[in-house]
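Step one of this worksheet: look at the structure below.
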Amino acid sequence: MKKIILLATILLIAGSVSAQTFLNSDRADLSGAGLPSVTFEAGAALSSTTGGTNFNTSGLAGFTAGFSFDLPVNTTLAIVPEILYSQKGYSANTPFGNFTLRSQFIDAPLLAKFHAGSRINFYVGPQVSYMIASSSKFSSGFSSAAQQNYDISGSNLLVDGVVGMGINISHTIELHARYAVDLQGRNTNGNSFVPAYRNQALQMGFGFKLN
């Protein structure tokens, strides 16, 4: 969690400095407002968990990739449905050793995109996430009996909340950062070992307009 907060702070500072530099040096309209477009998205992600009492986890690196569809409503607002492949998970130190869970999701955000001037965009909206695969890794200290305590159950279909911002580098490239968090617990049959935690992820990447 501390790593995620630190990365978010650094990114926001860098984004603010970059945005101020852009706005002071070039007033050209790079937002593409009013023009429907298809964008290829790719980036890195740092995921962890939140909401679990006495369940301290470390961030796990992954990546995300997919496509977004920019559907303008007016010059300041667009609706952006997306379809993304994303990796999420966490690493946890337990009394039995280290436990790492890595999951693969298909994410389908439906975001409102607000143009704040020619270069800055803000995103907010819900996201449906479907887990297509998951794998657990235990250190050599785990016994078979202890591993059973870390079996995770529950629906593979989750609803998330997403917020983010983007900076238009050019007419075709946007640098963006997003934070996504589950709105319900992942492990519905939570126990004292693995509570009903929620996934959270900081995603940073680029969008490349294809038209």
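The values are calculated or read from the model by the stated rules, or taken from the named source; none is laboratory data. As the structure is a prediction and not an experimental result, all values here were calculated from the model. Please note: Cβ atoms are built from the backbone with ideal geometry, for glycine as well, and neighbour counts cover all protein chains shown. Ligands, DNA and RNA are stripped out before the accessible areas are found, and what is left, the full protein with its side chains, is counted by its heavy atoms. Shrake-Rupley method; radii C 1.70, N 1.55, O 1.52, S 1.80 Å.
The set of residues in the range 140-171 being surrounded by 14 or more Cβ atoms within 10 Å (Cβ to Cβ), under 21 Å from GLY62 (Cα atoms) and of a type in the set (A, V, I, L, M, F, W, C) consists of ILE152, LEU158, VAL162, VAL163, MET165.
In the range 91-139, which residue that is on the phi > 0 side of the Ramachandran plot and open to solvent by less than 30 Å² (accessible area, probe 1.4 Å) is farthest from the chain's Cα centre (by Cα)? In this case the residue turns out to be GLY97.
Regarding the range 146-161, can at least one residue be identified that is more than 22 Å from the chain's Cα centre (by Cα), at pLDDT below 90 and among the hydrophobic types (A, V, I, L, M, F, W, C)? Checking the range 146-161: at least one residue is more than 22 Å from the chain's Cα centre (by Cα), at pLDDT below 90 and among the hydrophobic types (A, V, I, L, M, F, W, C). For the range 166-211, taking the residues that are in a loop (DSSP other than H, G, I, E, B) and of a type in the set (Val, Ile, Thr), the one that is modelled with the lowest pLDDT is identified as THR188. Whenever a residue of the range 45-57 is modelled with pLDDT under 85 and of a type in the set (Gly, Ala, Ser), its partners that are open to solvent by less than 30 Å² (accessible area, probe 1.4 Å) and part of a loop (DSSP other than H, G, I, E, B), lying with C-beta atoms within less than 7 angstrom and at least six residues away or across chains, give the pairs GLY51/GLY185; GLY51/TYR197; GLY52/PRO195; GLY52/TYR197.
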